[in-house]
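Shown next, in structure tokens, is the structure this report addresses.
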Amino acid sequence: MMVKLMRDNLDIIGLDVVGDYSVPVIPNRLKAMLSRLDHSKKLRVDKCLPDLILKINQQTNLKILQEILS
């Protein structure tokens, strides 16, 4: 809905889609613990297969692109 609102009311000259998942590299145990505390327990990405994560990212990016182009 937000993308449609922007498309209908703004002159879009570029688009940068951010948020794709990448495997985190955490240098020490303290930062790893803090990272776990900072993320939802309902959706544990570390328990998902990389192919599933990539598929979800691609589907989301395509939906955003379709909204912009439609």
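Some values worked out for this structure:
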quantity: Qualifying positions in region 35-48 - more than 29 Å from residue 68 (Cα to Cα) and outside any loop (DSSP other than H, G, I, E, B); calculated: 35, 36, 37, 46, 47
quantity: Filter result (under 18 Å from the mean Cα position of the chain (by Cα), surrounded by 10 or more Cβ atoms within 10 Å (Cβ to Cβ) and without any contact (Cβ under 8 Å) to a residue 24 or more places away in the chain) within region 9-45; calculated: 24, 35, 36, 39, 44
quantity: Positions within region 1-34 being outside any loop (DSSP other than H, G, I, E, B) and of a type in the set (Asp, Glu), in sequence order; calculated: 8
quantity: Residue that is farthest from residue 16 (Cα to Cα), among those in region 29-65 that are charged (D, E, K, R) and at pLDDT 85 or above; calculated: 29
quantity: Region 49-65, residues that are of a type outside the set (Val, Ile, Thr) and in a helix (DSSP H, G or I); calculated: 50, 51, 52, 54, 55, 57, 58, 59, 61, 62, 63, 65
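The values are calculated or read from the model by the stated rules, or taken from the named source; none is laboratory data. It should be emphasised that the depicted structure is a prediction, and the values quoted were computed from it without experimental measurement. So basically every Cβ, Gly included, is an ideal-geometry build from the backbone, and we count neighbours across all protein chains shown.
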